[in-house]
Amino acid sequence: MDSIVVVGGSPLGGTIEINGAKNAALPIQCAALLTDTPTTLRHVPLLSDVYTMSSLLEGLGCVVEGDRVMTIDPRGVASGALEAPYELVKTMRASVTVMGPLLARYGRARVSLPGGCAIGARPIDQHLRGFEALGADIKLERGYVELRAERLKGTTFAFDLVTVGGTQNVMMAATLAKGTTRLENVAREPEVEELARILNKMGARIHGAGSPVIEIEGVDNLAGVDHAILPDRIECGTFMVGAAITGSDITLRHAPVDDMHAVIEVMREAGVRFEVTPAGLRVIGPEALRPIDVTTRPHPGFPTDMQAQIMVMATMAHGQSLITETIFENRFMHVPELCRMGADIVVQGNAAVVRGPTHYSGAEVMATDLRASASLILAGLIAEGRTEVRRVYHLDRGYETIETRLQSIGADVQRYHGARG
Ligand code: UD1
């Protein structure tokens, strides 16, 4: 297993290019299943989650070629098993997003239930309720969900809670349904809008993506397209925190500024300066950071995927910050590791009280999930001495070659292959 070693204290400066968004790429890969002809995706991030999704699609009968520019040819799917096996779903929950496309296009799907994951129980009941409302017959058998439908029928369906994956899955299913579907209380994340954009290019008729209600007029078939994936707002936010805590001046090329208002606002309140320049978003960390009060919410609120990273920023502020997590029930696993490096963080229920500024000292720490890993790398950048982050396979799910990109702005970061687990 690889580990990443960060030696803290190097001043950062320069430009980093933001890659395509993981959370947009994954559902868009699934969307290729809805069509009869190949789809070409550009700006695909080279991440293990994207490769896992490609393996899943290949298992279903697709031919997937290329990486940064990826072509997915779904013409071999019809004769296949239409199954997402446990081995893949357990490594990546987003695998369940093939359900909607398979059900809509082929009338059946067999998908392993994902079970829990490190950050919480994460059920898929809302996805299934949505498919049922569209007329699917659903059976749970031996840990698998079996879905069947002749042709899905348009309906009105309201989600009990805001779910990104649920919205994407049910929206995709409805594109090929007979009649019009109205989905209420949907997720408004930019990645939902992006998926709607590509589906509309494929021939779907989706209105309202980005608002709380989406309407989908069903069509008979969809065709493959050529599409460039939007930049990753979470990757961008992670580098923004890097600039904030090191007091550096860095520029983020292709930063998706319009999708990041909540994060930029919190960081501005803390004293970070932003400038939109022709080269990208310039982020200037202050000499001293001010405390923050952040609550994670569905978009356009503060994203849960930035909670761990913003907590590192809070540990460097002069005073007491409060960070409340409302999306996932168990998303503070980075706290004990940050505390081992010197942070003063007390968790009370779903809130973390953070007292700063911290004088971090390097330590051996264990990554527990994707964004937690990023927070440990960030803490390593400002720690005295050497921080070794183990189990970086979590990091590789969502950050492409983070070590070389941080090196390019001056950080002392190295990857060691095959280190102890
Ligand atoms: C997506 C993102 C993930 C992000 C999350 C919240 C992808 C690939 N992943 O995950 O990075 O952290 O959105 O912004 O895009 N829930 C239910 N029942 C359901 C579905 C969800 O109770 O049927 C709950 C979940 O347990 C969680 C909350 O709803 O507490 C939000 O989950 P959801 O928005 O579905 O997250 P994902 O789509 O899995």
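The values are calculated or read from the model by the stated rules, or taken from the named source; none is laboratory data. Everything quoted here is computed from the prediction, not taken from an experiment. Every residue, glycine among them, receives a Cβ derived from its backbone with ideal geometry; neighbour counts consider all protein chains shown. Only protein heavy atoms, including side chains, enter the accessible area calculation; ligands, DNA and RNA are left aside. Shrake-Rupley method; radii C 1.70, N 1.55, O 1.52, S 1.80 Å.
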Of all accessible heavy-atom area on the chain, the percent that carbon and sulfur account for (1.4 Å): 48
Most to least packed among 246-256, 307-317 [average Cβ atoms within 10 Å]: 307-317, 246-256
FRET E, pair Ala81, Glu132, Förster distance 25 Å, beta-carbon r, rounded to 0.05: 0.65
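Heavy-atom accessible area per residue, the chain, 1.4 Å probe: how many Å²?
Working: 15980 Å² over 421 residues.
Per residue, the chain has 38 Å² of solvent-accessible surface.
Can you order the peptides 275-287, 378-390 by their average number of other Cβ atoms within 10 Å per residue, highest first?
Working: 275-287: 14.5, 378-390: 22.9.
The peptides rank, most packed first, as 378-390, 275-287.
Hey, can you rank 7-17, 214-224 by average C-beta count inside 10 Å, highest first? Display every interim value, and only then the final one.
Working: 7-17: 15.7, 214-224: 18.3.
Highest mean packing first, the order is 214-224, 7-17.
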For a label point 7 Å along the Cα-to-beta-carbon line of Ile284, residues of region 239-262 with backbone N under 12 Å: 248-250
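In region 22-228, what % of DSSP beta bridges are antiparallel (nearest 5)? Write out the running numbers ahead of the final one.
Values: 25 of 36 bridges.
So the antiparallel bridges in region 22-228 amount to around 70 percent.
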Acute angle (nearest 10 degrees) that the helix 190-202 long axis makes with the longest principal axis of the chain, alpha-carbon atoms: 30
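Semi-axes, largest first, in whole Å: what does sqrt of 5 times each Cα gyration tensor eigenvalue give for region 140-290? Could you put the intermediate results ahead of the total?
Working: eigenvalues 304, 58, 37 Å².
Semi-axes from the Cα gyration tensor: 39, 17, 14 Å.
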Contour excess over end-to-end distance, with Cα ends at Ala158 and Asp293 and 0.36 nm allotted per residue: 45.5 nm
Gyration tensor verdict on region 310-376 (Cα atoms; rounded if a/c is under 1.5, prolate if a/b is larger than b/c, oblate otherwise): oblate
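Percent of Cα-Cα pairs more than 39 Å apart in the chain, please. Numbers along the way, then the final one.
Values: 17018 of 88410 pairs.
The calculated P(r) of the chain puts 19 percent of pairs beyond 39 Å.
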Degrees between helix 164-175 axis and first principal axis of the chain (Cα, 0 to 90, nearest 10): 20
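For Glu184 and Glu275 in the same chain, what is the full-extension length gain: residue separation times 0.36 nm, less their Cα-Cα distance, in nm? All intermediate terms of the calculation are to be shown ahead of the outcome.
On the way: separation 91, 0.36 × 91 = 32.76 nm, distance 3.65 nm.
Here the answer is 29.1 nm.
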For region 171-199 versus region 249-322, the gap between their alpha-carbon centres in whole angstrom: 30
At R0 = 25 Å, FRET efficiency that the Cβ-Cβ distance of Tyr393 and Arg68 yields, to 0.05: 0.75
Neighbourhood charge, 12 Å Cβ-Cβ cut-off, centred on Ala109 and excluding it, Lys, Arg +1 and Asp, Glu -1: +2
